[in-house]
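Trainee: Take a look at this one; I'll ask things after.
The values are calculated or read from the model by the stated rules, or taken from the named source; none is laboratory data. Just so you know, these numbers come straight off a predicted model, no measurement behind them. No Cβ is skipped: glycine too gets one built from the backbone with ideal geometry, and neighbour counts run over all protein chains shown. Keep in mind that these areas ignore ligands, DNA and RNA; they rest on the heavy atoms of the full protein, side chains included. Shrake-Rupley method; radii C 1.70, N 1.55, O 1.52, S 1.80 Å.
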Amino acid sequence: TYTFSDWSPELDIVTEDVTYIAQYQEIVRYEVAFYNWDGTLLQSNWYDYGEYPSYTGETPIREADAQYTYTFIGWSPELDLVVGDQYYYAQYDATLNQYEINFYNWDGTLLQSSMVNYGEMPSYNGITPTKPEDEQYIYTFLGWDPEITLVIESAAYTAIYEAVEKVDTSTEN
């Protein structure tokens, strides 16, 4: 690319026929492109050699997934003076997501609620759940429904019990 720089010879008071020749200066321009984490082009501009590029678009985003929430932290490589075509990629800080895990008793009573990191195994830390006996059965805690698994989303677990029939030990007179 060329841009007008001056006249040759230098302009002066005209006293005779003179020919002036336009002088041009070569401008070397380079493409500077900004891409998101997935390779999507966010912005592309041309800059003169030695200029400092800038990103003028909206702050890049990366949608959260089940495991992480992402926050834009800058560009890779760091912005620098233009010396050739340059390509920058958005960089993100990943924060591990936490999910609410609830443990309920047989009657829907909340026994424990906690936030647990994605990928960790939740655990119930309270006293062993109980279910009062009735006229026919005594109940023994067996575990949780559904079976406890690694956290990938919010979950609810309900205490389950084994019902043991009472034995009638009374005798008739």
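Trainee: Can you give the net charge of the other residues whose Cβ lies under 12 Å from the Cβ of Q23, counting K and R as +1 and D and E as -1? Before the final figure, lay out the partial values.
Mentor: Working: positive: none; negative: D6, E10, E26.
Around Q23, the surrounding residues sum to -3.
Trainee: Okay, next question. Most fluctuating residue of P53, P77, P132 in a GNM of the chain with Cα springs under 10 Å: which is it?
Mentor: Among P53, P77, P132, the largest mean-square fluctuation in the Gaussian network model of the chain belongs to P132.
Trainee: Roughly how many percent of the accessible protein surface of region 61-173 is carbon and sulfur, given a 1.4 Å probe and a whole-percent answer? Spell out each step's value before the answer.
Mentor: Numbers: 3820 of 7800 Å².
Answer for region 61-173 is 49 percent, counting heavy atoms of protein chains only.
Trainee: Taking every eigenvalue of the Cα gyration tensor of region 92-165, multiplying by 5 and rooting it, what semi-axes result, largest first, whole Å? Don't jump to the answer; show the numbers that get you there.
Mentor: On the way: eigenvalues 195, 20, 13 Å².
Result for region 92-165: semi-axes of 31, 10, 8 Å.
Trainee: Express in % the proportion of alpha carbon pairs of region 42-173 at distances exceeding 19 Å.
Mentor: 68
Trainee: Ok, one more. Using a Gaussian network model on the chain with a 10 Å cutoff between Cα atoms, which of I152, I13, I73 fluctuates the most?
Mentor: Among I152, I13, I73, the largest GNM mean-square fluctuation belongs to I13.
Trainee: Quick one: what are the phi-derived ³J(HN,Hα) couplings along region 19-31, Karplus 6.51/-1.76/1.60 with θ = phi - 60°, whole Hz, x for glycine and proline?
Mentor: Values per residue, Gly and Pro as x: 10, 10, 10, 5, 10, 10, 10, 6, 10, 8, 10, 9, 7 Hz.
Trainee: May I ask for the net charge around S44, where only other residues with Cβ less than 12 Å from the Cβ of S44 are counted and Lys, Arg are +1 while Asp, Glu are -1?
Mentor: Numbers: positive: none; negative: E31, D85.
Around S44, the surrounding residues sum to -2.
Trainee: Report, by chain and number, residues whose modeled amide H sits under 5 Å from the one on Y157, excluding near sequence neighbours (fewer than 5 apart, same chain).
Mentor: The list, which skips near neighbours in sequence, is N102, F103, Y104.
Trainee: Right, something else. Hey, got a sec? Which GluC sites (Glu not before Pro) in region 30-107 land in a DSSP loop and have at most 11 other Cβ atoms within 10 Å?
Mentor: Values: sites: E31, E51, E58, E63, E78, E100; in loops: E51, E58, E63, E78.
Listed in order of number, the matching sites are E58, E63, E78.
Trainee: Also: Please compute the net charge surrounding Y89, taking Lys and Arg as +1 and Asp and Glu as -1 over other residues with Cβ under 13 Å from its Cβ. Each step should come with its number before you reach the end.
Mentor: Values: positive: R62; negative: D38, E78.
Neighbour charge sum, excluding Y89 itself: -1.
Trainee: About the Cα centre of region 49-128, what is the dipole size in debye to 20, counting +1 per Lys and Arg Cβ and -1 per Asp and Glu Cβ, all else neutral? Numbers along the way, then the final one.
Mentor: Numbers: 1 positive and 11 negative charges, 57 e Å.
I would put it at about 280 debye.
Trainee: Sticking with this one: Taking a cut-off of 15 Å, what percent of all Cα-Cα pairs in region 11-76 are separated by more than that?
Mentor: On the way: 1490 of 2145 pairs.
In whole percent, the share of Cα-Cα pairs in region 11-76 beyond 15 Å is 69.
Trainee: May I pose another question? So if I place +1 on the C-beta of Lys and Arg and -1 on the C-beta of Asp and Glu, and nothing else carries charge, what would the dipole magnitude of the chain be about its Cα centre? I want it in debye, nearest 20. Mind dumping the intermediate values first?
Mentor: On the way: 4 positive and 30 negative charges, 85 e Å.
It comes to approximately 400 debye.
Trainee: While we're looking at this one, here's another question. Springs between alpha-carbon pairs under 10 angstrom, Gaussian network model over the chain: which of V18, V82, V32 fluctuates most?
Mentor: Highest fluctuation of the listed residues: V18.
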